[in-house]
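Working notes for the structure below.
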């Protein structure tokens, strides 16, 4: 199938826009790749330090045989259910490497925070910039510079983008990402959401709410809704950075162990064959567009409108929200997974999963097929599903969708366009995820109610002040203000108001991400209020129009009055550089230097 002309055009304009920065990046990559192996390049004392802690046989391989040495970067901790299985991965990888005459070392660990634990707490204000900390920690790990290849062990929200950003700064290394898979299905996500809404109304107490949450999040593995963590895994498949079909295999079984071992075999296969497939070469403008297309086709996390801008930048590629929006116009919606449907990721996998999505997009000319991947067979390998054949792995064709209420073909989509819309107007630039929003809620025009924090909105809801049509403006939530926390605690009260029949919407310079639900939400508003953006001029009672059909986000105030209106400043009590604590003051420098959400909220530029 010929490539869709819009995909071709958008990719070409990204390539042209990125020509200077991509060229400089590739030149740097080539210089690093041409160096002698680390054991020859480094001084004797350096080499001795590097191998002092590993078994004698491994030392002999590294020093005498110049065997390939894999650097493992591990995001393991047991605060994240998704990362618990990673504890045992280094031992498997080392064992497999030895079988192949190679070695592997844990180069370093990276921090990994659970947004589910920190939602609505001060810790969530560290969340976005933890991505940059993870990228820096990855660079620290790989700075030992003794490695011929790398394996990245991580799954969740900021962790995969951080690992990917860090790995791209060592773009000369062949690199494979190694996930852990989702937990088995617990309480259905739709039922969990219903209990949360009841709790917001006081109809369910803490004991009932806690019971529902414990039944939802119940074992090792990734959460089963299609949020940022699971979007990460789909994007890595679409970019060819996984062992094919690895994303949604549950942890704790023989298939998962063999896929982990296969990651070691795959990365060593690149180094031993001398096939030039380092991660910086794989992640080009075509791979970035493939990831964007896969995200849009599945209604994935809006966090990636920030993260993938940063990822692309790390490979010398410049993308923006216009690129996402223009792709969304031509990419059909092929999956309905919670919160865009009732199915969880286990049901998505059983119905066809990432392999079916990638196959349909390739066959429809909506993804680039002429791309480099970590596998010699290219991106077509990612249209197949792995299974055990005795003690070995085999891949087979997925066939047709097993459940068309969850996954569909490109010829019979849920929608002819993707689940994302760019909004623009006198309130700035914003994005809205419309894939889960009812059609009759795509346009909301109502008076503003302005809040300086999500706690203030909750207080007004509990005081019964919000039972009316309105647009809730929650400001001072951007990268420079407080680190741009996710605002999921706002979803239950707003959903309750919408359920009562009121026409409500959210407008914020904060994030909602992969769990964005059925209430229309204009998020990531840029420029943010703390940088003097238009949200700092909105007053209670101003009429606001959010139109996801025409792409408008407007305050309906006479232009002369709007231009003359004073810009509010962020209340001193909200500033985190005033010593409020709980670690937030350590991120003051990142907040001060952060670029806009559309620029990836980069803190290192």
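The values are calculated or read from the model by the stated rules, or taken from the named source; none is laboratory data. Remember, predicted model here, so these are calculated numbers, not experimental data. Cβ coordinates were reconstructed from backbone atoms using ideal geometry, including for glycine residues, and neighbour counts include every protein chain displayed.
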Looking at region 180-268, what helices (runs of 4 or more DSSP H) fall wholly within it and have at least 3 residues that are surrounded by fewer than 24 Cβ atoms within 10 Å (Cβ to Cβ)? 189-200, 206-216
Counting only residues that are surrounded by 23 or more Cβ atoms within 10 Å (Cβ to Cβ) and either without any contact (Cβ under 8 Å) to a residue 24 or more places away in the chain or not in a loop (DSSP other than H, G, I, E, B) (or both), which one in region 414-428 is nearest to the chain's Cα centre (by Cα)? 420
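Select from region 380-413 the residues that are in a helix (DSSP H, G or I) and without any contact (Cβ under 8 Å) to a residue 24 or more places away in the chain and list them in ascending order.
The one that is in a helix (DSSP H, G or I) and without any contact (Cβ under 8 Å) to a residue 24 or more places away in the chain: 380.
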Do any strands (runs of 3 or more DSSP E) lying entirely in region 504-572 carry at least 3 residues that are surrounded by fewer than 21 Cβ atoms within 10 Å (Cβ to Cβ), and which ones are they? 543-547
Could you please find all residues in region 19-54 being in contact with a helix residue (DSSP H, G or I) (Cβ under 6 Å, 6 or more places away or on another chain) and over 21 Å from residue 274 (Cα atoms)? 47, 51
So residue 151, is it under 19 Å from residue 511 (Cβ atoms) and either touching a strand residue (DSSP E or B) at 6+ places or on another chain (Cβ under 6 Å) or surrounded by 24 or more Cβ atoms within 10 Å (Cβ to Cβ) (or both): no
Picked from region 89-105 (must be within 22 Å of residue 233 (Cβ to Cβ) and in contact with a helix residue (DSSP H, G or I) (Cβ under 9 Å, 6 or more places away or on another chain)), the residue surrounded by the most Cβ atoms within 10 Å (Cβ to Cβ) is 93
Return yes or no: is residue 72 outside any helix (DSSP H, G or I) and either over 32 Å from the mean Cα position of the chain (by Cα) or surrounded by 14 or more Cβ atoms within 10 Å (Cβ to Cβ) (or both)? yes
Among the residues that make up region 440-454, is at least one of them touching a strand residue (DSSP E or B) at 6+ places or on another chain (Cβ under 7 Å) and modelled with pLDDT under 95? yes
Filter result for residue 374 (touching a helix residue (DSSP H, G or I) at 6+ places or on another chain (Cβ under 7 Å), assigned to a helix (DSSP H, G or I) and surrounded by 21 or more Cβ atoms within 10 Å (Cβ to Cβ)): no
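What's the total number of residues in region 422-438 that are touching a helix residue (DSSP H, G or I) at 6+ places or on another chain (Cβ under 7 Å) and under 23 Å from residue 225 (Cα atoms)?
Here is the first cut: in region 422-438, the ones touching a helix residue (DSSP H, G or I) at 6+ places or on another chain (Cβ under 7 Å) are 422, 426-429, 431.
Pick out the ones that are also under 23 Å from residue 225 (Cα atoms) and you get 431.
Counting residues in region 422-438 that are touching a helix residue (DSSP H, G or I) at 6+ places or on another chain (Cβ under 7 Å) and under 23 Å from residue 225 (Cα atoms) gives 1.
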Taking region 96-115 and keeping residues assigned to a helix (DSSP H, G or I), in contact with a strand residue (DSSP E or B) (Cβ under 9 Å, 6 or more places away or on another chain) and modelled with pLDDT of 95 or more leaves 96, 97, 98
